[in-house]
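Trainee: After the structure tokens below, expect a handful of questions from me.
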Amino acid sequence: MAALDGLPPLRDVITRYELDAKKSLGQNFILDLNLTQKVARTAGSLEGATVFEIGPGPGGLTRTILALGAEKVVAVERDARCLPALAEIGAHYPGRLEVIEGDALKTDFEALADGRPVKIIANLPYNVGTQLLVNWLLPRQWPPFWSSLTLMFQKEVGQRIVAREGDNHYGRLGVLCGWRADAHMAFDIPPQAFTPPPKVTSTVVHLEPRMTPLPCDPDKLERVTLAAFGQRRKMLRQSVKSIGGEALLARAEIDPQRRAETLSVEEFCRIANLL
Ligand code: SAM
């Protein structure tokens, strides 16, 4: 890719702009452009697409997305030190890269999308990744502004995203993702693929929104899963006591002796709709 886009190797960029990784910003950079290609290709064809990238850092994934034909990349980066390196990429792809310096958690992505279908691709800072995903899954307006999410997580978080009933990793995140999206883990990335290497294996998760998820109020679903998984080892009759207990379960035709991890997404929605 370095030869393909004519931009300097990422290692040189990092040295030149003194971008030594900051732990506080979850900075673990991918310098191998073959790997960034594999991540970006997980999002499907990028030809002519508008892509939002969170945390571009020195820009390895950013330039890959542009080289793969994205018409426009909007990248939100909190670390001002990365801006000159990103400006260099912007100059190489005139008019196609917009960099917003700021906190992704405070960014209104829907407003930025402005009605365009958007693919979101990111090697997310681990400390904010799950919260961003939840934000993107919770809007009242559905289908959402994004057409796909291709995101990197710690493997354990990826397992929670794709988990379904009966799975040890099944919990609130799995119910929310299963309700509104089709999610799968695409491939793992070992720690040594990053600079500096994190402690754990990462995984790339790809999500597409369900066009017609079961009708359900997100706040009510949250209330049910919070109660049920708050005491996941207990029987439902005990764990959902605060929101209606046995009477609620009877109306939903769910055995009160079952535990949260055995309930399907459809059953959680059924309970939520009775609140
Ligand atoms: N995309 C680059 C790559 O793949 O090599 C860097 C990924 S690094 C894991 C995470 C990036 O997110 C860092 O550049 C970090 O500065 C940035 N970041 C951390 N917290 C952020 C936040 N709240 N909003 C936007 N960017 C953030």
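No value in this document is a laboratory result; all are computed from the given coordinates. Values in this document were obtained by computation on a predicted structure and should not be read as measured data. Positions of Cβ are generated from backbone atoms using ideal geometry, with glycine treated the same way; all protein chains shown enter the neighbour counts.
Trainee: Fewest to most neighbouring Cβ within 10 Å: what's the order for Val240, Val162, Val224?
Mentor: So the residues, fewest neighbours to most, are Val162, Val240, Val224.
Trainee: Quote the Stokes-Einstein diffusion coefficient, in whole µm² s⁻¹, for segment 2-209, based on the Kirkwood radius over alpha carbon pairs, a temperature of 4 °C and a viscosity of 1.567 mPa s.
Mentor: 76 µm²/s
Trainee: Sequence-distant or interchain residues sharing an amide H contact under 5 Å with Val73, placed H: which?
Mentor: Val51, Leu97, Glu98
Trainee: Send over the Kirkwood Rh of segment 223-264, from the inverse of the averaged 1/r over different Cα pairs, rounded to one decimal Å.
Mentor: Taking the inverse mean of 1/r over all distinct Cα pairs, segment 223-264 comes out at 9.7 Å.
Trainee: Working out 0.36 nm times the residue gap between Ala91 and Glu47, then minus their Cα-Cα distance, what length gain in nm do you get to one decimal?
Mentor: 13.9 nm
Trainee: Still on this structure: Counting other C-beta atoms within 10 Å, and keeping those with at most 10, which DSSP coil trypsin sites (Lys or Arg not before Pro) do you find in segment 215-275?
Mentor: Sites meeting the loop and neighbour criteria: Arg233.
Trainee: How many nm is it between the label spots at Gln231 and Lys199, if each spot is 7 Å from the Cα in line with the beta carbon?
Mentor: Those two pseudo-labels are separated by 3.1 nm.
Trainee: Quick check on the chain: helices-only [θ] at 222 nm, where DSSP H runs of length 4 and up contribute -39,500 (n - 2.57) each and the sum goes over total residues. Nearest 500, please. Walk me through the numbers before you get to the answer.
Mentor: Numbers: 13 runs with 104 residues, N = 275.
Roughly -10000 deg cm²/dmol at 222 nm, from the helical runs in the chain.
Trainee: Please give me, ordered by residue number, the GluC sites (Glu not before Pro) of segment 175-275 that lie in loop per DSSP and have at most 10 other Cβ atoms within 10 Å.
Mentor: Details: sites: Glu222, Glu246, Glu253, Glu261, Glu266, Glu267; in loops: Glu253.
Counting only loop positions with at most 10 other Cβ atoms within 10 Å, the GluC sites (Glu not before Pro) in segment 175-275 are Glu253.
Trainee: Next question, about the same structure. Please list, by residue number, every one of the GluC sites (Glu not before Pro) in segment 1-92 that is coil in DSSP and has at most 16 other beta-carbon atoms within 10 Å.
Mentor: Passing sites in segment 1-92 are Glu18, Glu47, Glu71.
Trainee: Within 10 Å of each residue's Cβ, count the other Cβ atoms and sort Ile100, Ile30 from fewest upward.
Mentor: Ordered from fewest to most neighbouring Cβ atoms within 10 Å, Ile100, Ile30 come out as Ile100, Ile30.
Trainee: Of the listed pairs Lys38/Lys155; Lys72/Lys220; Lys72/Lys199; Lys23/Lys234, which have alpha-carbon separations greater than 27 Å here?
Mentor: Details: Lys38/Lys155 17 Å; Lys72/Lys220 37 Å; Lys72/Lys199 33 Å; Lys23/Lys234 38 Å.
Exceeds cut-off: Lys72/Lys220; Lys72/Lys199; Lys23/Lys234.
Trainee: Here's something else I'd like to know. So what is the relative contact order for segment 218-273, in percent, with contacts set as C-alpha pairs under 8 Å and at least six apart?
Mentor: 40 percent
Trainee: Using the number of other C-beta atoms within 10 angstrom as an exposure proxy, rank Ile254, Ile65, Ile120 with the fewest first.
Mentor: So the ranking, lowest neighbour count to highest, is Ile254, Ile120, Ile65.
Trainee: Now for a different question. At Arg164 and His184, where each label point lies 7 Å from the Cα along Cα→Cβ, what is the point-to-point distance in nanometres?
Mentor: 1.2 nm
Trainee: Another question about this same structure. Describe numerically, in nm with one decimal, the distance between label points set 7 Å from Cα along Cα→Cβ at Gln192 and at Ser24.
Mentor: With each label point 7 Å from Cα toward Cβ, the separation is 3.2 nm.
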